[in-house]
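Right, one structure below, let's go through it.
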Amino acid sequence: MSGRLSGRTALVTGAAQGIGKAIADRLATDGATVVVSDMNADGATKAAEAIGKGAFAITADISDPDAVASMFTKIDERTGGVDILVNNASIVPFVAWDDVDLEHWRKIIDVNLTGTFIVTRAATDQMRAKKKAGRVISIASNTFFAGTPNMAAYVAAKGGVIGFTRALATELGQYGITANAVTPGLIESDGVKVSPHNNAFEFVEMLQAVKGKGQPEHIADVVSFLASDDARWMTGQTINVDAGMVRY
Ligand code: NAD
Ligand code: 4PL
């Protein structure tokens, strides 16, 4: 345990399971007080209990501005404010192009892109009010580079997250807040395991330079670095973490 995040409060959205849970666990091991946030109340509570080390759960849907506002009031009361935000919550759909209709498109953009904006707006306002040297780390996806099939709205939303990260870095640098994105490749998360994406591992592995099945911890380790002081001179960047499946 390095303790490199001790004294800091980290909020991880979508942390009831999968990559978010692994990130929450890693940041707690690094010494941060972790807020395990998810729309799945029961899952968030169980994940926070499993992580321990002072981690606690707050239920919030990232696309609901009122729920997000009340989450930051609770974080302020319990910790004195957030230092590190990890935008991880997303819907990970598998929808054939012929079934991508306006309703699906709006839902994915609303949660994956607009939800990221809603949480980031509130988090960075709190960081500035408390004069925190804040960190925003957003989980995008290497599907933005690969144009992966059956995910058109998702790929567009992730491109939006990368663009937003670049603009945010410019807007917030003057306050000592950095913003970076991580683009995982296919990861064997709880959600992926029970979806059609689970059938893509063989194909994806063929494209990887380093062989094996991507695990949530592979992403958590890089997020820990971005949250740490070692990454203080990086902002507006996107780090691709996919065993070399795509190069850009
Ligand atoms: P997952 O489906 O296993 O978990 C996602 C969590 O987010 C769930 O607990 C869910 O309840 C929560 N969530 C969904 N919508 C929410 C909302 N509106 N408000 C609050 N919480 C919400 O997903 P995962 O595979 O662990 O993915 C996590 C992140 O990593 C996502 O941003 C995803 O796009 C990204 N990603 C995943 C992969 C992969 O292959 N698994 C690859 C690249 C990027
Ligand atoms: C390569 O982000 O990056 C499937 C499902 N395959 O969600 C992803 C790859 C998926 C990905 C993703």
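Read the figures in this text as sums done on the coordinates, not as results from a lab. Quick caveat, the model's predicted, so the values are computed rather than measured. Because the Cβ atoms are built from the backbone with ideal geometry, glycine has one as well, and the counts that use them run over all protein chains shown.
Overview of values
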read-out	value
Members of the stretch 164-201 found to be among the hydroxyl-bearing types (Ser, Thr, Tyr) and within 15 Å of ligand 1 (Cβ to nearest atom), listed by number	165, 183, 189, 195
Verdict on residue 119 being touching a strand residue (DSSP E or B) at 6+ places or on another chain (Cβ under 9 Å) and buried (at least 18 other Cβ atoms within 10 Å of the Cβ)	yes
Out of 209, 179, 169, sole residue that is away from ligand 2 (no atom under 13 Å from the Cβ), part of a strand (DSSP E or B) and of a type in the set (Gly, Ala, Ser)	179
Answer from 204, 222, 155 - the residue that is within 16 Å of ligand 1 (Cβ to nearest atom) and touching a helix residue (DSSP H, G or I) at 6+ places or on another chain (Cβ under 6 Å)	155
Residue check for residue 158: within 16 Å of ligand 2 (Cβ to nearest atom) and either of a type outside the set (Ser, Thr, Tyr) or part of a helix (DSSP H, G or I) (or both)	yes
Any chance residue 98 is without any contact (Cβ under 8 Å) to a residue 60 or more places away in the chain, out of contact with any strand residue (DSSP E or B) (no Cβ under 9 Å at 6 or more places or on another chain), within 23 Å of residue 237 (Cα to Cα) and in a helix (DSSP H, G or I)	no
Entirely in the stretch 16-79, the helices (runs of 4 or more DSSP H) that have 2 or more residues that are surrounded by fewer than 23 Cβ atoms within 10 Å (Cβ to Cβ) and in contact with a strand residue (DSSP E or B) (Cβ under 7 Å, 6 or more places away or on another chain)	41-51, 65-79
